[in-house]
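Notes follow the structure.
The values are calculated or read from the model by the stated rules, or taken from the named source; none is laboratory data. Just so it is clear, the structure is predicted and the values come from calculations on it, not from any experiment. Don't worry about glycine lacking a Cβ; one is built from the backbone with ideal geometry, like all the others, and counts go over all protein chains shown. Heads up: the accessible areas ignore ligands, DNA and RNA and are worked out on the full protein's heavy atoms, side chains in. Shrake-Rupley method; radii C 1.70, N 1.55, O 1.52, S 1.80 Å.
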2 protein chains.
Amino acid sequence: MGGVAIVGVGMTPVVASSGKSLTGLFVQAAKEAIDDAGVDRIDAVYVGNMMSGFLQNQEHIGSLMASALGQEGVPSYKVEAACASGGVAMNAAVKGILSGLDRIVIVGGVEKMSGHTTPEVTAGLMMAEDRLKVATSGVTFVGLNAMIARAYMQEYKVAHDALARFPVMCHENALNNPRAQFHKRITVDDVLRSPLVADPLRLFDCSGIGDGAAAVVLAPMEEAKKFTDTPVEVAASSVATDNLSLYQREKTTVFEGSRKAVGEAYKRADLSPNDVDVLEVHDAFSVLGIMALEDLGFADKGTGARLLEDGQCGRDGKLPTNTFGGLKARGHPVGATGIYQIVELTLQLSNRAEKCQVADAKVGLSQNVGGIGSTVAVHILRSSKR
Amino acid sequence: MGGVAIVGVGMTPVVASSGKSLTGLFVQAAKEAIDDAGVDRIDAVYVGNMMSGFLQNQEHIGSLMASALGQEGVPSYKVEAACASGGVAMNAAVKGILSGLDRIVIVGGVEKMSGHTTPEVTAGLMMAEDRLKVATSGVTFVGLNAMIARAYMQEYKVAHDALARFPVMCHENALNNPRAQFHKRITVDDVLRSPLVADPLRLFDCSGIGDGAAAVVLAPMEEAKKFTDTPVEVAASSVATDNLSLYQREKTTVFEGSRKAVGEAYKRADLSPNDVDVLEVHDAFSVLGIMALEDLGFADKGTGARLLEDGQCGRDGKLPTNTFGGLKARGHPVGATGIYQIVELTLQLSNRAEKCQVADAKVGLSQNVGGIGSTVAVHILRSSKR
């Protein structure tokens with residue numbers, strides 16, 4: 001592919017309760033990205049968000065955000081794909097530039113989850129699944145992921161403590177990220193002793209509830225150097241879906257959407273898993289972090305946790321993963337998460353990741369999942385320092 | 001522009017209460033479009049919808065609809081822009097094909113408004129405006145449009161009976177459309193004597209509440225003849241925004257978003273208002289139908305109603321308008337409306353509009369409005385019979 005560059009990034013801290021409106025969150029991240037790029041006008045606004053209709057009774061946030069940015073007039077789009085809203089909005093924006101109809105574009109993800117009870121947010125998250133056939137059964141979104149975890153542990157004879165290494169690693173990484181939601185070192189024992197949420201998943205297996213927004217400015221590659229000395233190339237942008245619901249699948253311990261999206265992305269970028277220097281995966285639950293390592297081609301099925309045991313996913317390892325803390329510890333404001341991943345990879349590839357920086361990162365890959373693996377957005381980014 | 005063709009269309013009837021689910025509605029229209037195109041597989045699904053999160057507690061409907069169509073695996077997108085969700089989804093799909101990343105695409109709009117009280121639907125529609133600054137003031141969406149109508153009538157000295165000609169024309173046209181929501185001839189007196197909704201707007205000035213879905217299959221122009229003898233070219237696809245809220249504007253009787261979107265569309269298609277043979281405008285309220293005729297370049301400000309007085313907008317006039325009944329009489333299932341317009345124009349331009357057919361239509365233009373003119377999508381379609 002090629003042809004599209006990231007020329008500016010911005011993000012708010014992820015916090016449990018920001019005291020900001022949906023608009024305030026988005027504008028903060030978007031203005032930071034616009035300032036970072038040094039652009040004065042943009043040609044289009046893409047907004048990724050999942051729950052504003054349900055939680056804030058606010059739709060039409062494409063126009064709302066364009067207007068709030070003082071960019072009224074430009075085309076704007078709200079793109080929704082559950083927890084993959086950010087990644088899918090990024091993909092739509094990349095298409096916009098490749099179509100020749102957009103030039104300088106801002107794409108941001110935002111979610112405000114504070115100000116609501118946990119049952120309300122739980123009901124909101126379940127909108128990712130089929131309302132009529134699954135949600136009304138009473139199962140929660142965590143419950144569905146617990147079924148995946150149980151099946152995974154049984155099928156591959158993997159113990160809970162192996163899965164628990166994922167959140168432990170994320171919490172370790174987040175200590176270096178001032179904008180992370182959690183700054184707290186945890187151990188495998190802490191995970192295993194934390195309160196049960198949905199058997200076998202415990203509290204520290206699960207990402208939290210938070211407010212946040214992240215944004216990037218995109219430009220055609222040939223114009224990128226006008227805005228920054230360190231543009232990052234979007235080497236591939238892929239979206240794939242699967243059957244929406246878990247009950248429709250023959251196998252629950254593989255996300256075929258991840259395999260399809262990443263297969264297309266490697267092909268477009270002409271790269272393989274061996275080329276990836278830094279990785280951001282969608283660890284909404286510990287088991288999903290481990291499964292991602294497998295479905296994206298870094299480990300055989302059932303062996304993902306071994307990469308963590310071997311230290312390969314650490315900052316000094318072969319495959320530094322979730323270097324800013326991932327969904328578990330940076331936080332997971334759902335519609336924003338896919339853009340946080342892009343922002344963090346961009347900082348890594350332009351050598352601006354500060355305390356989170358990994359050495360010599362040239363290629364980064366992100367995986368953003370909506371629903372139960374029902375939508376997967378994969379991006380491969382490449383440094384322009386070669 | 002050019003490069004994209006419509007090769008299949010489908011739509012459900014618009015009815016007050018369909019007894020169908022959101023998925024059932026979408027699948028019915030999409031399967032009709034897929035059958036019409038004679039395609040067996042598609043490469044992407046774009047869904048326009050406004051209120052599924054609020055009314056059905058269902059998000060992630062891109063994946064839901066792809067899965068329900070048996071097309072799981074393909075990339076899918078939910079695009080939301082209030083009542084312009086359909087038109088903006090169409091624009092995003094056009095960009096998808098022009099980007100080179102999509103080939104055969106289905107884009108559908110769907111809205112299920114039944115099963116809820118009128119106050120609930122009224123609250124849902126108000127999500128198009130700023131929740132914190134406007135919606136909480138207590139004004140309704142009809143109320144905001146009533147302010148526009150009052151300002152228009154005062155500024156241009158236009159009487160209510162002149163505006164009322166618009167719904168009268170739409171109801172006349174809908175008599176020929178078996179899928180229209182209303183089959184009832186009305187007079188200007190009927191409009192003026194109908195119950196007051198928000199002064200000066202009366203019941204027959206306002207589009208109703210209904211369920212519906214419409215869909216089109218798009219393909220690159222060079223492949224279109226594989227699927228149909230009568231492909232219709234997307235000669236231009238434009239989206240523009242304005243300040244989200246009425247209070248932010250200097251003038252309330254012009255929609256600058258319409259002017260901007262249509263100006264870009266005429267330029268891209270290298271056409272002018274004189275070239276338009278058939279027109280579909282967003283007459284959610286009678287005053288908006290009249291304003292559209294002006295903002296799109298067919299009449300000077302304040303004189304739109306004269307086109308109706310002169311009979312120019314009738315089926316045998318110079319500018320046949322809302323030939324299937326428009327929002328007022330075909331119906332306005334909000335997220336679907338923009339796609340109904342595209343389907344109806346396509347039928348006109350491929351000489352398949354049956355009793356609604358106008359003679360020798362080569363160029364069609366649609367205008368789909370989200371919020372108070374805050375987002376406007378304009379499409380110019382061109383017949384391949386030349």
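List of remarks:
- Residue count for segment A:165-193, restricted to those that are under 17 Å from A:Leu288 (Cβ atoms) and not basic (Lys, Arg): 8
- Filtering A:Ser18, A:Ser52, A:Ser85, A:Ser76 for residues that are under 17 Å from A:Arg103 (Cβ atoms), touching a residue at least 24 places away in the same chain (Cβ under 8 Å), touching a helix residue (DSSP H, G or I) at 6+ places or on another chain (Cβ under 7 Å) and among the hydroxyl-bearing types (Ser, Thr, Tyr) leaves a single hit, A:Ser76.
- Pairs where the first residue, in segment B:222-250, is under 18 Å from B:Val363 (Cα atoms) and the second is of a type in the set (D, E, K, R), C-beta under 6 Å, 6+ apart: B:Glu233/B:Arg382; B:Ala235/B:Arg382; B:Ala236/B:Arg268; B:Ser238/B:Glu264
- Every residue from segment B:188-197 that is touching a residue at least 12 places away in the same chain (Cβ under 8 Å) and open to solvent by 30 Å² or more (accessible area, probe 1.4 Å): B:Val188, B:Asp190, B:Leu192, B:Val197
- The single residue among B:Gly326, B:Gly371 that is under 11 Å from the mean Cα position of the chain (by Cα) and closer than 28 Å to B:Gln56 by Cβ turns out to be B:Gly326.
- Residue that is least open to solvent (accessible area, probe 1.4 Å) [pool: residues in segment A:68-78 that are of a type in the set (A, V, I, L, M, F, W, C) and more than 7 Å from chain B (Cβ to nearest Cβ)]: A:Leu69
- When the criteria are applied in full, B:Met11 fails the requirement of being out of contact with any Ser or Thr (no Cβ under 8 Å at 6 or more places or on another chain), surrounded by 23 or more Cβ atoms within 10 Å (Cβ to Cβ) and at the interface with chain A (Cβ under 8 Å from one of its Cβ atoms).
- With respect to being touching a helix residue (DSSP H, G or I) at 6+ places or on another chain (Cβ under 6 Å), in a strand (DSSP E or B) and within 11 Å of another protein chain (Cβ to nearest Cβ), A:Val45 fits the description.
- Entry remark, segment A:198-227: residues being out of contact with any Ser or Thr (no Cβ under 8 Å at 6 or more places or on another chain), crowded, with 18+ Cβ neighbours inside 10 Å and more than 30 Å from A:Ala135 (Cβ to Cβ) number 5 in total.
- Put simply, of A:Ala269, A:Ala284 the only residue that is in contact (Cβ under 8 Å) with a residue 24 or more places away in the chain, over 29 Å from A:Leu25 (Cβ atoms) and small (Gly, Ala, Ser) is A:Ala269.
- Test: residue in segment A:152-175 that is within 14 Å of chain B (Cβ to nearest Cβ), surrounded by fewer than 24 Cβ atoms within 10 Å (Cβ to Cβ), in contact (Cβ under 8 Å) with a residue 24 or more places away in the chain and among the β-branched types (Val, Ile, Thr): no
- Test: residue in segment A:296-312 that is surrounded by fewer than 24 Cβ atoms within 10 Å (Cβ to Cβ) and of a type in the set (Val, Ile, Thr): yes
- Residue check, A:Ala5 in a strand (DSSP E or B) and touching a strand residue (DSSP E or B) at 6+ places or on another chain (Cβ under 6 Å): yes
- Segment B:48-93: number of residues that are of a type outside the set (D, E, K, R) and assigned to a loop (DSSP other than H, G, I, E, B): 14
- Scope segment A:263-280; condition of a type outside the set (A, V, I, L, M, F, W, C), under 22 Å from A:Gln312 (Cβ atoms) and surrounded by 17 or more Cβ atoms within 10 Å (Cβ to Cβ); matching residues: A:Tyr266, A:Asp277, A:Glu280
- Total residues in segment B:340-379, condition in contact with a strand residue (DSSP E or B) (Cβ under 7 Å, 6 or more places away or on another chain) and either at pLDDT below 95 or more than 14 Å from chain A (Cβ to nearest Cβ) (or both): 19
- If you go through segment B:168-205 and keep only what is under 22 Å from B:Ile148 (Cα atoms) and assigned to a helix (DSSP H, G or I), you end up with B:Val168, B:Met169, B:Cys170, B:Val188, B:Asp189, B:Asp190, B:Val191, B:Leu192, B:Arg193, B:Leu203, B:Phe204, B:Asp205.
- All positions within segment B:50-67 that are within 7 Å of chain A (Cβ to nearest Cβ), out of contact with any strand residue (DSSP E or B) (no Cβ under 7 Å at 6 or more places or on another chain) and closer than 20 Å to B:Ala84 by Cα: B:Gly53, B:Phe54, B:Gln56, B:Gln58
- Residues within segment A:79-117 that are more than 8 Å from every other protein chain (Cβ to nearest Cβ) and either at pLDDT below 95 or at positive phi (or both), tallied: 1
- B:Asp36 closer than 19 Å to B:Lys225 by Cα and surrounded by fewer than 17 Cβ atoms within 10 Å (Cβ to Cβ): no
- Of all the listed residues (B:Asp275, B:Asp295, B:Asp211), the sole one being more than 14 Å from chain A (Cβ to nearest Cβ), touching a Pro at 6+ places or on another chain (Cβ under 9 Å) and at pLDDT 95 or above is B:Asp211.
- Within segment A:103-124, the set of residues being open to solvent by less than 10 Å² (accessible area, probe 1.4 Å), closer than 18 Å to B:Ala92 by Cα and in a loop (DSSP other than H, G, I, E, B) comprises A:Ile104 only.
- Some residue of segment A:18-31 being farther than 26 Å from B:Asn368 by Cα, at pLDDT below 95 and either open to solvent by less than 10 Å² (accessible area, probe 1.4 Å) or more than 9 Å from chain B (Cβ to nearest Cβ) (or both): no
- If the condition is being more than 28 Å from B:Val45 (Cβ to Cβ) and open to solvent by less than 50 Å² (accessible area, probe 1.4 Å), then segment B:125-142 contributes B:Met126, B:Glu129, B:Asp130, B:Val134, B:Ala135, B:Val139, B:Phe141, B:Val142.
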